[in-house]
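Novice: Could you have a look at this structure, given as structure tokens, before my questions?
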Amino acid sequence: MNLGSSECTSSHWYGRRKKTRLLEVSRFLVVPGAGDRKIDPHCQLGFRGFAGRVPIFVNLRIKKCFSQRAITPVGDEIPSLPIAVDRKDTQIITQPAVFHKDLNSLPKPLSSTNLPSSPSDGTRVRVAYRGVPGSYSEVAALKAYPNSETVPCDQFEAVFKAVELWLVDKAVLPIENSLGGSIHRNYDLLLFHRLHIVGEVRLIVNHCLLGLPGVRKEEIKRVLSHPQALEQCEIFLNKLHLTKINADDTACAAQIVASEGVRETGAIANTRAAEIYGLNVLAERIQFVKSNKQDDSDNITRFLILAREPIIPGTDKPYKTSIVFTLEEGPGVLFKALAVFAMRDINLSKIESRPQRRRPLRVVDDSNSGRATYFDYLFYIDFEASMAEPRAQYALGHLQEFARFIRVLGCYPMDTMQ
């Protein structure tokens, strides 16, 4: 693994001059090779004494907006998650510009290029999500905050910006599905924005076939939904010989069916979308696993809850910590990095690697000076321990011996849904 050179000379550390490689991550710096010096669990992200530093973000343009900074990645677009869907007899449809009158009262999704100028008034928790009302992301947001005001956004980037600009209080974003895998786009956005993970929500996916009132299942000839939902329900759809049509998301598909009023067109979405758009549920739990049995417990989407400030980790309940790091080059270095958790009986619940060769990260020293550096891979890890526990502190201190940078994305209570 050729990770290139990124050394910057730092000031005196522990009374001697040494080479260090750092990445500014939020308000704190993490120093490779610093040993087992205690990490403050209240700051989550680094060693005492670094608070108050101005954040240096990598490959980003920063412009002032309100009291926050709007952070925009510079360079080529990060590729989104490719979804393996059979394009045979599959069409593509976009959301129509005009909907029926009774649908116009629904909130319109925020756009990253057209965000409102007034922040949240703070009277009610506002939670941003990607999609339209009735999407699984909105269902997850309401599960996390039952009495909240949900705010739809048209893109994942708009969700991040809405939180950064104080337009909403929290964001709920999907990060992985038990059948479809990881959503790589959101892993990339976590690195290029300065929000903190403060919680997680695991949601059982219940795909339903929806149709207009009075329509029977046998009358449906074509079905709209998100490509991943179409793939997960492929066995059911093939039995009915339905033509599959891609839509932006499941709730958008339900919205289109309700607005166009074509009896032969159905949608795959959830029961909340059926209620919002006045559709009938023609069949429930239509996703099948490989054993050809209906088992909705095998289709679970995990969502992350994001906020501007981290929470204070505790030890009163099971906690999870999410980090991202790059490694020094050398034989067995990844094995050594993962071993720091195993030797302390810390379970790893998620390991994800992302290629990073063409997108440089700015590596800085403790005086905020440095240069852009290219790394081969970024590693994202979730481990089941709280930053308030000494074993987690020591594990990250040990990991710094092999890492070129470490960023703690968040420490938060685990969703222990069975």
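Novice: When both residues are 6+ apart or on different chains and their Cβ atoms are under 9 Å apart, which pairs have a first residue that lies in the stretch 146-175 and is touching a residue at least 60 places away in the same chain (Cβ under 8 Å) and closer than 17 Å to G199 by Cα, and a second that is among the β-branched types (V, I, T) and part of a helix (DSSP H, G or I)?
Specialist: If the second residue must be among the β-branched types (V, I, T) and part of a helix (DSSP H, G or I), the pairs left are D169/V163; K170/V163; A171/V159; A171/V163; V172/V159; L173/V159.
Novice: Under 7 Å between Cβ atoms, which residue pairs at least 6 apart in sequence (or on different chains) link something in the stretch 390-417 that is in contact (Cβ under 8 Å) with a residue 60 or more places away in the chain with a partner that is among the polar types (S, T, N, Q) and assigned to a loop (DSSP other than H, G, I, E, B)?
Specialist: A392/S386; R404/S6; I406/Q400; V408/Q44; C411/Q44; C411/S386
Novice: Now a separate question. What number of residues within the stretch 311-326 are more than 21 Å from R202 (Cβ to Cβ) and crowded, with 22+ Cβ neighbours inside 10 Å?
Specialist: Summing the residues that are more than 21 Å from R202 (Cβ to Cβ) and crowded, with 22+ Cβ neighbours inside 10 Å in the stretch 311-326 gives 2.
Novice: While we're looking at this one, here's another question. Looking only at the stretch 285-322, count every residue that is modelled with pLDDT of 85 or more and not aliphatic (A, V, I, L, M) and tell me the total.
Specialist: 19
Novice: Something else now. Under 7 Å between Cβ atoms, which residue pairs at least 6 apart in sequence (or on different chains) link something in the stretch 227-253 that is over 20 Å from R272 (Cα atoms) with a partner that is among the aromatic types (F, W, Y) and part of a loop (DSSP other than H, G, I, E, B)?
Specialist: I235/F288; F236/F288
Novice: Let me ask something else. Would you mention how many residues in the stretch 131-169 are surrounded by fewer than 24 Cβ atoms within 10 Å (Cβ to Cβ) and of a type in the set (K, R)?
Specialist: 1
Novice: Which of (1) surrounded by fewer than 23 Cβ atoms within 10 Å (Cβ to Cβ); (2) under 22 Å from the mean Cα position of the chain (by Cα); (3) not in a loop (DSSP other than H, G, I, E, B) is the odd one out, the single condition N206 does not satisfy?
Specialist: (3)
Novice: Here's something else I'd like to know. Of the conditions (1) outside the structural domain of S137 (by TED's automatic domain parsing); (2) surrounded by 22 or more Cβ atoms within 10 Å (Cβ to Cβ); (3) not in a strand (DSSP E or B), L190 clears all except one; give me its number.
Specialist: Looking at each condition in turn, L190 falls short on (1).
Novice: Quick one: which residue in I406, I351 is modelled with pLDDT of 95 or more, under 20 Å from the mean Cα position of the chain (by Cα) and outside the structural domain of A144 (by TED's automatic domain parsing)?
Specialist: That would be I351, the only listed residue that is modelled with pLDDT of 95 or more, under 20 Å from the mean Cα position of the chain (by Cα) and outside the structural domain of A144 (by TED's automatic domain parsing).
The values are calculated or read from the model by the stated rules, or taken from the named source; none is laboratory data. All values reported here derive from a predicted model rather than from experimental measurement. For neighbour counting, all protein chains shown are included, and Cβ atoms are generated from backbone atoms with ideal geometry for every residue, glycine included.
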